[in-house]
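FYI, it's all coordinate maths here, none of it is from the lab. Remember, predicted model here, so these are calculated numbers, not experimental data. Positions of Cβ are backbone-derived with ideal geometry, glycine not excepted, and every protein chain shown enters the neighbour counts.
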Amino acid sequence: MNPTDRTRRVKDILWALAFPGAVAMVFRFAFGLGATTNLTDGVPWGLWKIFNMVAGAALATSGFTVGFLGHVLHLKRFRPLVKPAIVVAFLGYGSSLFALLFDIGLPWRFWHPFVYWNHHSFLFEVFWCVSFYFLITFLELSPTLLERLGLEKLRGTLHKAGGVFVIIGITLSSLHHTSLGSLFLVTPQRLHELWFSPIVSLLFIVSAIGGGMMVLLLAKVLYARWYDPDKLFYPRTASGELCETCVNPDENGKGLPEPPHRPQIRALATASAMVLGVYFLLKLGDLLLRPDAWSALLAGTWESWLYGVELLLGVALPVVLVSIKRVRYSTGGLTTAAVFAAGGLALNRMNVGIFGYFRGAEEVYFPSGLEWAITVGVLAMAGLAWFFLVENFTVFDERWKVRASASPRLLSSFDRLTYLWNHRLLNGMERITLIGLVVVPVAWILLYSPYYRDKGEEVFPPLARDVERDTLLLDGNRFNMATTFAHAAHQQRLGGRESCSECHHLTLPADQATPCNQCHTRMEGRTAIFDHARHAEHVARDKRLTGLVPANLSCTECHGEDAAKARSTAKGCLKCHEEDMHPVDPPAARLALEQASGYRSAMHGTCIPCHKQKAVEVDNPHLGDCATCHPGRTAPGEDLVRAVVVNSEDLAAVH
Amino acid sequence: MSVGLLVDVTRCTGCERCVDACVQQNRLDPAKADQDRATLPDGLSANRLTTVQPLGSDHFAKKACMHCLEPSCVSACLVGGLTKRSDGAVVYDPDKCIGCRYCMLACPFEIPRYQWDRTVPFMAKCELCEEKTAEGGEPACVEACEEGVLKWGQRDDLLAEARRRLQNYPNLYVQRIWGEHEFGGTSVLYISDVDLEELGWPASETESIPHMTEPVLMATPAIGGSVLAGVAGVNWIIRRRMKLRGEESHAEGGEQ
C-alpha cells in the first residue's frame, strides 16, 4: 500500500466526524447554550471548556518543551522533532481556542479581555498568555509555510528571530499552564478534596510537560506508520520483507537492531518519563500531606477509583513501561506508554474540571450529543489540518518536494476537495460527497432532538399507596414536599361512593375520574384550559349551522349580538354546562373554568375551606390548622402552627 | 459605609412574597420563575434571583446573593464585569460580559445563574434593587416581607441589631451571626434558631477567596520573569560554550 491508500481511510473517517461537528456548530449558534448543552447552574463548565481547552492545551505542550530541549539546551537529538512539535502546538491551541468560541455565551465578544482588564483574575492571565502563545506558535510555524510559498527573504528574517520566539513561548507557556491550574483554586468548597490541592498549579504544569511530549511521540509514530514505516518500524528489504538483520546499533553500541528514528522517540519517552516520575512523587506527597485527601482516597467512592486510575494507569504505568529496557527498544512499547500517559493527562483535567464538581453540585453532568459532536468534530478538523501540514510542508521530512515537482499546485494533494478540481470525478471526491450526503442529514436528525428536551414543570397524579386508594401521597411535582391524604376515610365520612363531587369538581363534561393534573398542570402558575376553537366547532355542529366555515357563524351564540367579541362579553360557562359540570365553587366558576389554578392552590382550595367549616361543626379548632395535614410543631414562644414539609422518602419508610 | 440585609430565620414562614416582589421588580417572567421553582433543586435561577429554601423540618431561609465584602466573583471575572459598588452591592455589567461563566464557578455560595434558555445569554443575580435604594428606598424583597424577617440598613447597625436579638433571646437563637466572618464577611447576615449548615452553604471558612488566591496571582510576574531570565541565560551560556568549542550555532544554521 502506498501512503495515499493508508491515509485515505483515516481521512474519510475524520471527514465523517467533522461533518456532524459542523452541523452541531450551526445548532449551537441557532439555539443557544442551554438548548444545545447539558450544562446547568451546578456544573457550568463542561466538555468544551475542560476537554477541548484545559486538556487540549495540556496535550499540546510539546511545542515549548521540545523547543526548550532543541533550541535552548541545543540537544541535537530533539532538533528534528522541533517542527513537528510546533505543528502539534499550533493545531492544539488553535483547535482549543476554536472550540472555546462555541463555549462562551457571547462569542462575538471574545476580544473583550484585550480591552477590559481585570488583572486580579486568573482567567485574565490565562486568556492573555494563551492568545499570545498561539500567535507565537504561528510565528514559529511561519518559516515552514513560507518555505513552500517561496518567500525566502521573509522566511529568513522570521527564522533568525526563531530563538526569541522560543524563549517568549516558553515563558508564556509556563505562565498559562500554572494559571490553568490556579483557575480551580477559587473553588475550595466545591471541588472534591482529592483534586483540590494548594499546589494544583505546579501539578498542572509538570503533568502537562510530561504528557505533552508523549503526544508528540504519538504524532511521530502515526506519521511513520502511514508515510515512512522504515524510519520507526523495521527497515524492509527491496522485496518488501522485514529485514531482521539490518542492524542499526544504538549509540551505546548495544547491537540491537534499530530503525533509524527510534532513538528520537526513545529520547522523548525518556524525558517524558523523568518528568512524569517527578509528577508522580509530587502527587504522592500532595496526597500524603493532606489528610482529607488521603481519607477521601480510602473512602472507596467512585472519585477515589477515578483518582487511582488517573495516577496508576495514567502516570505510574507509563513511567514503569519506559523504565523497562525491552519497552524502550520497541516502537510498540513506547507507543503504548505514550497512549497511557496522554490518556492519563486528559483524564486528570477532566477529573479536576468536571468529575470533581459532581459531589459539590449534587448532580451529574453528561455531555449532550451536540457537545460530543462539536468536541469530536473540532478534533477531527485539527486532524485533517495536521494531514494537510505534514503532507505539504517540511514538518517530518521533505517528502512534499517530490509531489510538488510533479504537481506544482499547493493544494494538489490536500484531500479530495482539490482532487475533484484537478481530476474530475475521481473516486476520492465522490466518497467525500457521499460521506457528507449521508452524515449531514443523519447528524441533523440525531442532534436536533435535544432541542425538544422538555424542561417544563410537570405535575403528576397522586401516588396511591394501594389499589383501594386507601391513602394517597400528594406530591404533585415529586419534589419531596408531600402530605398523605386518607382518601378512603374521607370518602366514607362524606357518604361513600356517591360523594365524589363533594371534592372532585368534575368540571369537564361527563367527567368521572379525570386526574387533577390534566388541567392543573403546573405547581404554582395557572394554566389556560378554555379551548375556543373546539367550542366554536361544537356550537356550529350542534346548531347545524351552514356556510363555508360554519364555526365562524357561531360567535353570537356566546358573545352578544352587538358587543365586541371579547372574553368580557361572552356568557358564562354554566349557562350551557349547568347539567354536565359540577364546579365546587359556583360564584367563582367563570374564571375557574377558563383557567386551571396551580396544583398547590387547587389542593389547598379543596381541603382548607371544608376543614375550616368542619372545625366549627365538630368543635375542633385545630382541624383548620396547617399542622392537621402537614404534621408540625409549635415554634418556641409562638402560637403559630407551621406547615411541615414531609419528605416522601420518610413516609415510604413509615408505611 | 456598606449597606446590608439581616435575615432572621426564626420569623420566616416560607410564603415567598419576597420572591414574587423580586420577580416583579426585576421584570422577570413569573411563569418561568414558577417553573424554575418546581424543577430546580434550589429554586434559584436567572428567572428567580432569590428563593426561600426549606430547612429541614419547619424552617425557611431566603437565599440570594450575599454581597461579600471581598467577593470572589469580582476577582474572578476576567473583563471586570462584576464590581463591588461603593455602597456595598456587588453589581454586574452585561456590556462587558463575554459569557465565560467563571463567576459561577468562583462564587462559594453558587449564586450567579445563567440564562440558559436564551440564545444570547447573560448572567443574573441579585443587585439589591439599585433603582429603589438610589432614592433612599428599600429593596423589593424587604418591602414585601410582612413577617419582619428582613431588615435593611447599614451593615454595622445590622450587626448591632443581630447581637441585641441574640442577647435578648439566648434560648431561642443559635449564638452565631452567619455572614459576620464567613468568607471575609458578607453584607447579608443571618441569625437563626437552627443550624444553617443545612442551607448547603460552606460557613466554616473565614478567609475570603480573593485573599487566598491573591498571593498565588501576585507570584505570576516573578514566575514569568525568572523563567524568561533563566531560559535566556541558559541559552546564552550554552551558545557561548558551543562558540568557544568552535561549533557553529545550530540555531542560525537550520534544524537538520
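If I fit a long axis through the Cα atoms of helix B:209-218 and take the longest principal axis of the Cα atoms of chain B, what angle between them do I get, 0 to 90°, rounded to 10?
It works out to around 10 degrees.
Using a Cα-Cα cut-off of under 19 Å, which lysines could be cross-linked to A:K401, ignoring same-chain neighbours fewer than 8 residues away?
Counting by Cα, and skipping residues close in sequence, A:K401 has these lysines nearby: A:K83, A:K231.
Nearest 20 debye, what's the magnitude of the dipole of segment B:72-116 about its Cα centre given +1 on Lys and Arg Cβ and -1 on Asp and Glu Cβ?
60 debye
Let me confirm one metric for peptide B:105-112, namely the mean number of other chain beta-carbon atoms within 10 Å of its residues' beta-carbons.
Other-chain Cβ atoms within 10 Å of each residue's Cβ, averaged: 5.
Per residue of segment A:389-397, what does 6.51 cos²θ - 1.76 cosθ + 1.60 with θ = phi - 60° give for ³J(HN,Hα)? Whole Hz please, x for Gly and Pro, Karplus curve as stated.
Karplus values, whole Hz, x for Gly and Pro: 5, 6, 7, 10, 9, 6, 10, 8, 8.
Which residues' amide hydrogens lie under 5 Å from the amide hydrogen of A:T61, considering only partners 5 or more residues apart or on another chain, with H built in the peptide plane?
Correct list: A:G212.
Helix B:220-244 versus the longest principal axis of chain B: what angle, 0 to 90°, nearest 10, using Cα atoms?
10 degrees
Considering every residue in A:169-178, what mean count of other chain Cβ atoms within 10 Å of its Cβ is obtained?
For this peptide, the per-residue mean of nearby foreign Cβ atoms is 4.
Among the lysines, which fall within straight-line cross-link reach of B:K125, defined as a Cα-Cα distance under 22 Å, with same-chain neighbours fewer than 8 residues apart omitted?
Straight-distance partners of B:K125: A:K455, B:K32, B:K62, B:K63, B:K84, B:K96, B:K151.
Within a 10 angstrom radius of each residue's Cβ in A:103-113, how many Cβ atoms of other chains show up on average? Whole number is fine.
Going residue by residue through A:103-113 and averaging, the value is 6.
Cα centroid distance between segment A:197-236 and segment A:79-122, in Å?
Spelled out, the Cα-based centre of one part sits 21 Å from the other.
Please give the contour-minus-distance gain from A:R9 to A:F388: 0.36 nm per residue of separation, less the Cα-Cα distance, rounded to one decimal in nm.
Separation in residues times 0.36 nm, less the Cα-Cα distance, equals 134.9 nm.
Sticking with the crude label model, points 7 Å out along Cα→Cβ, report the distance from B:R176 to B:R163 in nm, one decimal please.
About 1.9 nm separates the two model spin labels.
Rounded to the nearest 10 degrees, what's the angle between the helix B:30-39 long axis and the longest principal axis of chain B, both from Cα atoms, 0 to 90?
Rounded to the nearest ten degrees, it is 80.
Round to a whole angstrom and tell me the spacing of the C-alpha centers of segment A:327-375 and segment B:114-172.
43 Å
Rank-order A:212-223, A:367-378, A:542-553 by packing density, defined as the average count of other C-beta atoms within 10 Å over each peptide's residues, highest first.
With the highest mean Cβ count within 10 Å placed first, the list reads A:212-223, A:367-378, A:542-553.
Using a 10 Å cut-off around each Cβ, can you sort A:L306, A:L194, A:L73 from fewest to most neighbouring Cβ atoms?
A:L73, A:L306, A:L194
Using 0.36 nm per residue, how much length does the chain from A:T270 to A:W117 gain when fully extended, once their Cα-Cα distance is taken away? Spell out each step's value before the answer.
Numbers: separation 153, 0.36 × 153 = 55.08 nm, distance 4.15 nm.
Result: 50.9 nm gained on full extension.
In a Gaussian network model over chain B where Cα atoms closer than 10 Å are linked, find which of B:A229, B:A38, B:A89 has the largest mean-square fluctuation.
Of the options given, B:A229 has the highest mean-square fluctuation.
Between A:T546 and B:E131, what is the spin-label point distance in nm, taking each point 7 Å from the Cα along the Cα→C-beta axis?
5.9 nm
Could you check what % of the DSSP bridge pairs in chain B are antiparallel, to the nearest 5?
That works out to approximately 80 percent antiparallel.
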